[in-house]
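> Here it is: the structure, laid out below.
Just so you know, all these numbers are worked out from the coordinates, no wet-lab data involved. Keep in mind that what you see is a predicted model, and the values were worked out from it rather than measured. In this analysis, Cβ positions are derived from the backbone assuming ideal geometry, glycine residues included, and neighbour counts consider all displayed protein chains.
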């Protein structure tokens, strides 16, 4: 089983990378006055999908094709889908995944 600390570190690093990419996208877009430059230069989707695939070794997709990790990262914006919503930490996600395995 993947250790809790490593899982949390991986998710936190993915979130930090997403925030850094977003910041860089804005800087480059402003500098060159191009709206979609970040989509071309700063797309880590393949890397994120690979990381999630590795995490699925310990926390597989369910029988309906649902992946709690993908849902957390993509649909719930790393645990904070809206400004009003309560933040779900990577630790809380890990605990939920462990409980469901």
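> For the chain, find the longest principal axis of its Cα atoms and tell me its angle to the long axis of helix 90-99, 0 to 90°, nearest 10.
So the helix axis and the longest Cα principal axis differ by about 30 degrees.
> Here is a further query. Could you grab the relative contact order for the range 24-101? Cα pairs under 8 Å, six or more apart, rounded to a whole percent.
Relative contact order comes out at 16 percent.
> Which distance in nm do the two modelled labels at residue 95 and residue 20 give, with both placed 7 Å along the Cα-to-Cβ direction?
Computed distance between label sites residue 95 and residue 20 equals 2.9 nm.
> Taking only Cα atoms, what is the 0 to 90° angle, nearest 10, from helix 45-55's long axis to the longest principal axis of the chain?
Tilt of helix 45-55: around 10 degrees.
> Can you tell me the length gained on complete extension of the stretch residue 1 to residue 47, counting 0.36 nm per residue apart and subtracting the Cα distance?
Extra length available between residue 1 and residue 47 comes to 14.4 nm.
> Round to the nearest 10 and give me the degree value, 0 to 90, for the angle of helix 4-32's Cα axis relative to the longest principal axis of the chain.
Between helix and principal axis, roughly 10 degrees.
> Using R₀ = 22 Å, calculate the FRET efficiency as 1/(1 + (r/R₀)^6) where r is the Cβ-Cβ separation of residue 31 and residue 74; round to 0.05.
The formula returns an efficiency of 0.20 here.
> Here is a follow-up. For q values of 0.13 Å⁻¹, compute log₁₀ I(q)/I(0) with the Debye formula on a Cα-only model of the chain, without solvent.
Values returned for q = 0.13 Å⁻¹ are -0.53.
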